[in-house]
Amino acid sequence: MTTPPVYSTSLGSAYQGDALDLLKELDDESVHLVFTSPPFALQRQKEYGNRKEAEYVDWLIEFAALIKKKLRGDGSFVLDLGGAYQKGVPSRSLYPFRVVTRFCDELGFVLAEDFYWFNPSKLPSPIEWVNKRKLRAKDAVNTVWWFSKTAWPKADITKVLTPYSERMKKLIADPAAFYTPKKRPSGHDIASAFGKDNQGAIPPNLLQIPNSESNGQYLSGCAVVGVAGHPARFPAKLPEFFIRLLSDPEDLVVDIFAGSNTTGSVCEKEGRRWLAFELDLGYLAASAFRFLPKNSSAETTQEIYRKILQQEFVDLREMSPQLSFLEMPSANYSRRTTRRKKLG
């Protein structure tokens, strides 16, 4: 990167600027994963800068074209995209589907899989059609599109296994008491290996993750400096799922609409290198709170925020939490330690 970072940690750096310009500074085929959530194409203008629906798809495809060049051959592009209603009527916009078809038809992306993020804590909306007129159910699901350059991107579902149900635990303990290996009416051949303990169940593509954080490190820092948190944050569990699924320790993950930099903070904990791009310097300054120790003083928090707003570089490498050997996502501790020293 030729643009200087706003702040850096042990594994990554945050940059202020237009992501179209910043993406061009990356080497081609250097990025393992792009995970991002752009401002959605909503009818009501939001403070974080969303585009109108009519121009949204053209705007977003500019970023996607550059991302495709920067991704490695086995890399992935994961896009969290919320839906919207058409103006003045209770009918859904088709813009998310136009995004997908144009990414694939015009840019040559492959749709590896569609995921659905269900946020059970989301408030009923839109107000007119849900709360007032009682014509529609509340909109509580975002589509998360997983794109790749080929049909064979790097992925390992065993990294994101979910806990077994109590019934499945009993089945594994005593398979003969629960089922007999045979071909089912559905055509599925249930063999004896069905009772094998694989340390967890394969997750579905419906991700139930509440978005209800109210007192974490980031919001505490915002309170100290007297600013509101980013209004469109996603929970850490969302990028965590895809970072674990689609990358390995030391891989490079990029978020081009970083906001409060949840993606970068997850990468730091998961041992991934990361880059965060954000146009709004205020959002970026507050995002640094995610990398401070929990016992940071109010003076330290305020000083870091002030320096970033004054466009002074802040080095957080000594302050961001370090993973211990037992916490490392990979057993390959020595090679990653060497890499961290090079980054430092």
Practice prompt. Please specify each residue of region 103-136 satisfying the condition of being open to solvent by 70 Å² or more (accessible area, probe 1.4 Å) and modelled with pLDDT under 95.
Written response: LEU123, ILE127, LYS132, ARG133, LYS134, LEU135, ARG136
Worksheet item: Which of the residues that make up region 266-305 are in contact (Cβ under 8 Å) with a residue 12 or more places away in the chain, farther than 30 Å from HIS32 by Cβ and in a helix (DSSP H, G or I)?
Response: ALA298, THR301, GLN302, TYR305
Item to complete: Report, by residue number, each residue of region 236-251 that is open to solvent by 20 Å² or more (accessible area, probe 1.4 Å) and not in a helix (DSSP H, G or I).
Response: ALA236, ASP248, PRO249, GLU250
Item to complete: Considering only region 16-43, state which residues are closer than 25 Å to PHE241 by Cβ, open to solvent by 10 Å² or more (accessible area, probe 1.4 Å) and not in a loop (DSSP other than H, G, I, E, B).
Response: HIS32
Response to the item:
In region 137-162, anything modelled with pLDDT under 95, in contact with a Pro (Cβ under 8 Å, 6 or more places away or on another chain) and under 30 Å from GLY88 (Cα atoms) is listed as LYS138, ASP139, ALA140
Discussion item. I need every pair where a residue in region 60-76 that is within 13 Å of PHE147 (Cα to Cα) and at pLDDT below 95 has its Cβ under 9 Å from the Cβ of a residue that is among the charged types (D, E, K, R) and surrounded by 20 or more Cβ atoms within 10 Å (Cβ to Cβ), sequence separation at least 6 or different chains.
Written reply: none
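The values are calculated or read from the model by the stated rules, or taken from the named source; none is laboratory data. What you see is a predicted model; the values in this text were computed from it and never measured. Ideal geometry is used to build each Cβ from the backbone, glycine not excepted, and the neighbour counts take in all protein chains shown. Heads up: the accessible areas ignore ligands, DNA and RNA and are worked out on the full protein's heavy atoms, side chains in. Shrake-Rupley method; radii C 1.70, N 1.55, O 1.52, S 1.80 Å.
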